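Participant: Shown below is the structure under consideration.
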Amino acid sequence: MTPGPLAVLRNPSAGRGRRRDEVAAALTALRATDREVRVLDAHSVDDAMRVCRDAVADGAGALIAVGGDGTVHLAVQAVAGTGVPFGVIPAGTGNDFATEVGVPADPVGAAKTVVQALMDGRTRPVDLGRVKGPDGYDHWFAAVLGAGFDAIVNERANAMRWPRGPLRYDLATYAELVRLRPRLYTLTLDGETHEMDAVLVAVGNTASYGGGMRICPAADVTDGLLDIVVGLTVSRTTLVRLKSHLYDGTHVNHPKIVSFRARTVGISAEGITTYVDGERACPLPITVTAEPAALSLLV
């Protein structure tokens, strides 16, 4: 394990700023390794990816993401496939990746886990997903890619200036339910093509997104495969009812939900912009691949 400094990407607005004291205590806990702790300053998405890549290129001994799934997503772009150890200190409103890989929910507890793993020279290899799309788009993702109703809701919510907070997503969901219509998707799973009318398509490296919704409940971050869950043509009422089953993963028992598993997934449909780890990605068509053991996790 490289004895370089610990580079820390900290999202100051993670968790809407409510965990500021816990984050400060977690940073203090990281200093127990006697390594230099370098907090990376970033004022935009592009800044965050740049400073993380610069830190890795400059010999960081590990990269630590302090925040939610969006912060993890940005940091992963710098360490994926490099072997540089990666740690997570969950401090966001959604911490699905951290939960799925067994990171303690308490930021200080998570920091102590990172410290112990560094001292023991211990990392756990976990898979990542990789998305390639139009105009040279090429990004890694840690948790789930959405390419259906969930992505459409995110797209509408992000375009809304009012209201702020969860209510914005509630209003966006209602607006898109009114407009709900199936789209014709072409899915190519390890070379085998399927065409189907669907309202929901999710590709999971891990099981959950959106703060604990287990959209791909059978996903395994160490199996070298992606789980694909598709919601076929359903009514608005059925879609609303299915949401309550997402938190325990029992939605997959509904006859209009079909599941697949593949190493490589091609997805095409009209009018969909995809989201990965809760962040805006790119329009369809895309190719998604499972990248086994692409991340060396400090856990």
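Participant: Could you check segment 66-103 and list, in sequence order, the residues that are in contact with a strand residue (DSSP E or B) (Cβ under 7 Å, 6 or more places away or on another chain) and hydroxyl-bearing (Ser, Thr, Tyr)?
Facilitator: Of everything in segment 66-103, just one residue is in contact with a strand residue (DSSP E or B) (Cβ under 7 Å, 6 or more places away or on another chain) and hydroxyl-bearing (Ser, Thr, Tyr), namely Thr71.
Participant: Then there is this: Among what's in segment 243-255 and is closer than 14 Å to Tyr209 by Cα and either touching a residue at least 60 places away in the same chain (Cβ under 8 Å) or not small (Gly, Ala, Ser) (or both), pick the residue that is surrounded by the most Cβ atoms within 10 Å (Cβ to Cβ).
Facilitator: Leu246
Participant: Additional query: Are any residues in segment 219-260 in a strand (DSSP E or B) and among the hydroxyl-bearing types (Ser, Thr, Tyr), and if so, which ones? Reasoning before the result, please.
Facilitator: First, the residues of segment 219-260 that are in a strand (DSSP E or B): 226-232, 257-260.
Ser259, the sole residue that qualifies.
Participant: Related question: Kindly evaluate Leu298 against the criterion of being outside the structural domain of Val199 (by TED's automatic domain parsing) and either among the hydrophobic types (A, V, I, L, M, F, W, C) or in contact with a strand residue (DSSP E or B) (Cβ under 6 Å, 6 or more places away or on another chain) (or both).
Facilitator: Answer is yes for this residue.
Participant: Also: Kindly provide the set of residues from segment 222-241 that are touching a helix residue (DSSP H, G or I) at 6+ places or on another chain (Cβ under 8 Å) and surrounded by fewer than 23 Cβ atoms within 10 Å (Cβ to Cβ), ordered by number.
Facilitator: Answer for segment 222-241, where residues must be touching a helix residue (DSSP H, G or I) at 6+ places or on another chain (Cβ under 8 Å) and surrounded by fewer than 23 Cβ atoms within 10 Å (Cβ to Cβ): Val234, Arg236, Leu239, Val240.
Participant: Oh, and also: Just to be sure, is Gly83 at pLDDT below 95 and assigned by TED's automatic domain parsing to the domain that holds Ala42? Step through it out loud before you land on a result.
Facilitator: Numbers: at pLDDT below 95: no; assigned by TED's automatic domain parsing to the domain that holds Ala42: yes.
Here the answer is no, as Gly83 does not meet what is asked.
Participant: For Arg280, only one of the following conditions fails: (1) over 18 Å from the mean Cα position of the chain (by Cα); (2) in a strand (DSSP E or B); (3) of a type in the set (Lys, Arg). What is its number?
Facilitator: (1)
Participant: Residues in segment 161-178: is at least one within 25 Å of Ser259 (Cβ to Cβ), buried (at least 22 other Cβ atoms within 10 Å of the Cβ), in the same structural domain as Ala219 (by TED's automatic domain parsing) and of a type in the set (A, V, I, L, M, F, W, C)?
Facilitator: no
Yes/no matrix, rows are residues, columns are (1) among the β-branched types (Val, Ile, Thr); (2) farther than 24 Å from Gly266 by Cβ:
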| residue | (1), (2) |
| --- | --- |
| Glu176 | no, yes |
| Arg179 | no, yes |
| Leu184 | no, no |
| Asp190 | no, no |
| Leu200 | no, no |
| Val203 | yes, no |
| Gly212 | no, yes |
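Participant: Right, here's the next one. For segment 215-242, give me each residue that is free of Cβ contacts under 8 Å to residues at least 12 places away in the same chain and not polar (S, T, N, Q).
Facilitator: Listed by number, the residues that qualify are Asp220, Arg241.
The values are calculated or read from the model by the stated rules, or taken from the named source; none is laboratory data. Model, not experiment: these values are computed from the prediction. Cβ atoms come from the backbone with ideal geometry, glycine included; neighbour counts cover every protein chain shown.
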